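Structure first, then comments.
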Amino acid sequence: MTAALLIDFGSTWTKLRVLDIESGKLLGSAQGPSTVATDVNVGLDAALASLERAMGRLPTFAHRLASSSAAGGLRMVTVGLVRELTAEAARQAALGAGARLVGAFAYRLTARDVGEIEGLAPDILLLCGGTNGGNSEVILHNARALAESALRCPIVVAGNRETTDEIVALLSRDGRTAIGAANVLPALDTLDIEPARAAIRDVFMHRIVKAKGIDRAGARIDGVLMPTPASVLEAARILGDGVDGRAGLGTLVVLDPGGATTDVHSIGSGEPATPGVIRHGLPEPHAKRTVEGDLGMRHNAAAIAAAVGIDALAAAAGVTPQQASAALARIEADVEAIPATDNEARLDDAMVRAAVDIAMTRHAGTVETVYTAQGPVQVQRGKDLSEAAWLIGTGGAIVHARDPAAVLRGACAQPAKAMQLRPRAPRLALDADYLLYAAGLLAQVDPVAAFDCAQRHLRIVE
Amino acid sequence: MPHTIVTGVIGADTHIVGNRILSMALEDAGYRVVSLGALTPAADFIRAAIETAADAILVSSLYGQGELDCRGFRDLCIEAGLSDILLYVGGNLVVGKQPWDVVERRFLDMGFDRAFPPGTRVEGALAALAADFAARDAKGRASMKAALPGNGRR
């Protein structure tokens, strides 16, 4: 047995998973409070004490790796040129790096924009703009505006390559950290977000973790490698694509409805599954993450109710609108409340179904029939996930739902939403032990063990 | 640095072959080509031109609806800060048998720098581009000479 300790410094909990690298088995789980605001070690100690009680005796850990979504997550601002092009590519890179996007800007930054960015005080800013050999004026203008601003956070520069050195020099002149990376959109038909993601992760690991005080765990862990959403995306990526020595499961989607947001991860090319369909718009990331900031089971419960309509939500839950409103009021008063009554549990189920349904609508691509003089033509925007082999649910809201399969089915293709390229007939599974994040972390040091752990512990529901 | 040219077939038009041939010929001639392909909305030409700092947009239209699709194209460019970009249009631009000089006039009035009739060979378009870029570069050099020393703007 060789044990690895995988830690998630969350906003509410410090979670631990112990995985056996040799067998791929989950050896132990525990959690403690989140104490990032004071000293992460307090929560870590509590979690380790709980782990020791559960396991009898703590093994020697060959790896001790952590992810973090505490202290507000990785708060990022992106800046690009055209909203639909480099600004969108920048957004994709930031989301793929596990960031919490707090602002996305396009075109020339105005004084007001710069003021807004200063106010947002992000942890990292990602500056893009122009394809290689393309526009350089706007990114230079924006770099100068940022150089003169009060903004002190690290800046990752991933725009038109001709401007990168000049901009990095300009921005680092007064002690700011500026890091150059390859252009996120080197040509209009090529999205290349991996280098920017790697640069963001590097800044996160070496600077943000310290700035947020997560580094106080110090020598007790090998490192805080990435934001937790990035580790979930990593796990999805190794599961879907496979690793050296393990074949992947194919195109897959991971649904993660959380307290504040609903995340959707998809792994796959997203190319049209039907021949003759024309792709439009920016190329799509192979590993794509979308975050729905208005779909949170607790912090945004009212927004979910507003999106669906309180009457429809109540009907879906099988309660009266009055009962639904009362349950919503209770959630609003205490976002850490868990359902105490049958009606509240039903409402939670209806909300998670709605959140997952809406989030999938936004994540999946669409196909539209355009009538041309030569006859009807199918035009696809976004990723075609209709052939996805797996749909995996993670997080308490799905895993503890009364009928998790029904929640997952709600994210699949529906006759009434024929335009949406959602999974048609995927296998349905749950990350019942909440260890995708752990597998994503372990993948950084032992991809085969990580793959085995993630696959072995998928609970197949259909 | 080579000039950058955006190509594509505008509107609900799927005729891609001629546009492909044109794009390949432009590449062979040493231009940087950003090829948007068939079914391209006017706005996508503009977005691509901004991001790639294009010097020219070559719009193809073969299904007879080009006049509708191209209306306001120059205005869109002006709005997006591309007032000086070179604009060409070519193909079967209108339905029915209309005299070419009338059709050409109509597209020039819309703000296209040149319009090309059906059956134009790529050599024609390449020669026109070479001439227009040469004229612009000469003008650019003249205005640079006129500018004060130290002003490094193009």
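The values are calculated or read from the model by the stated rules, or taken from the named source; none is laboratory data. The model shown is predicted, which means the values in this text are computed figures rather than measured ones. In this analysis, Cβ positions are derived from the backbone assuming ideal geometry, glycine residues included, and neighbour counts consider all displayed protein chains. To get the accessible areas, we keep the full protein, side chains included, count just its heavy atoms, and leave off ligands, DNA and RNA. Shrake-Rupley method; radii C 1.70, N 1.55, O 1.52, S 1.80 Å.
Out of A:A89, A:A66, which single residue is buried (at least 24 other Cβ atoms within 10 Å of the Cβ), among the hydrophobic types (A, V, I, L, M, F, W, C), within 19 Å of A:L191 (Cα to Cα) and in contact (Cβ under 8 Å) with a residue 40 or more places away in the chain? Let's see the steps before the verdict.
Details: A:A66 fails: within 19 Å of A:L191 (Cα to Cα).
Selected residue: A:A89, the only one of A:A89, A:A66 that is buried (at least 24 other Cβ atoms within 10 Å of the Cβ), among the hydrophobic types (A, V, I, L, M, F, W, C), within 19 Å of A:L191 (Cα to Cα) and in contact (Cβ under 8 Å) with a residue 40 or more places away in the chain.
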**Q.** Restricting region B:78-104 to residues that are touching a Pro at 6+ places or on another chain (Cβ under 8 Å) and part of a helix (DSSP H, G or I), the residue that is most open to solvent (accessible area, probe 1.4 Å)
**A.** B:W100
Q: Output the qualifying pairs, or none if there are none: Cβ atoms under 9 angstrom, residues six or more apart or on different chains, first residue in region A:194-212 and free of Cβ contacts under 8 Å to residues at least 60 places away in the same chain, second residue among the acidic types (D, E) and open to solvent by 10 Å² or more (accessible area, probe 1.4 Å).
A: A:R207/A:D123
**Q.** Residue list for region A:267-280, filter: more than 14 Å from every other protein chain (Cβ to nearest Cβ), over 24 Å from the mean Cα position of the chain (by Cα) and surrounded by fewer than 16 Cβ atoms within 10 Å (Cβ to Cβ)
**A.** A:T274, A:P275
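Scan region A:435-454 for residues that are assigned to a loop (DSSP other than H, G, I, E, B) and open to solvent by 50 Å² or more (accessible area, probe 1.4 Å) and report the count. Step through it out loud before you land on a result.
Going residue by residue through region A:435-454, those that are assigned to a loop (DSSP other than H, G, I, E, B) are A:435, A:443-446.
Subset that is open to solvent by 50 Å² or more (accessible area, probe 1.4 Å): A:444-445.
Residues that pass the stated criteria total 2.
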Q) What number of residues within region B:22-77 satisfy the criterion of being within 11 Å of chain A (Cβ to nearest Cβ), surrounded by fewer than 17 Cβ atoms within 10 Å (Cβ to Cβ) and part of a loop (DSSP other than H, G, I, E, B)? A) 2
Q. Does A:A219 fit the bill of being among the small types (G, A, S), under 24 Å from A:D8 (Cα atoms) and within 20 Å of the chain's Cα centre (by Cα)?
A. no
Q: Considering (1) within 19 Å of the chain's Cα centre (by Cα); (2) within 14 Å of another protein chain (Cβ to nearest Cβ), say which one A:V379 fails and leave the rest.
A: (1)
Q: Could you please find all residues in region A:236-256 being assigned to a strand (DSSP E or B), of a type outside the set (G, A, S) and in contact with a Gly (Cβ under 6 Å, 6 or more places away or on another chain)?
A: A:L252, A:L255, A:D256
**Q.** Matching residues in region A:163-197 - criterion: being open to solvent by 20 Å² or more (accessible area, probe 1.4 Å), more than 27 Å from the chain's Cα centre (by Cα) and not hydrophobic (A, V, I, L, M, F, W, C)
**A.** A:D165, A:E166, A:S172, A:R173, A:D174, A:G175
Q: Restricting attention to region B:108-118, report how many residues are open to solvent by 50 Å² or more (accessible area, probe 1.4 Å) and under 17 Å from B:L26 (Cα atoms).
A: 1
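From the residues in region A:92-141 that are within 14 Å of chain B (Cβ to nearest Cβ) and assigned to a helix (DSSP H, G or I), which one is surrounded by the fewest Cβ atoms within 10 Å (Cβ to Cβ)? Give the derivation first.
Start the filter on region A:92-141 by keeping residues that are within 14 Å of chain B (Cβ to nearest Cβ), which leaves A:106-108, A:128-141.
Subset that is assigned to a helix (DSSP H, G or I): A:137-141.
Details: A:E137: 17, A:V138: 27, A:I139: 29, A:L140: 19, A:H141: 14.
So, considering only residues that are within 14 Å of chain B (Cβ to nearest Cβ) and assigned to a helix (DSSP H, G or I), the one surrounded by the fewest Cβ atoms within 10 Å (Cβ to Cβ) is A:H141.
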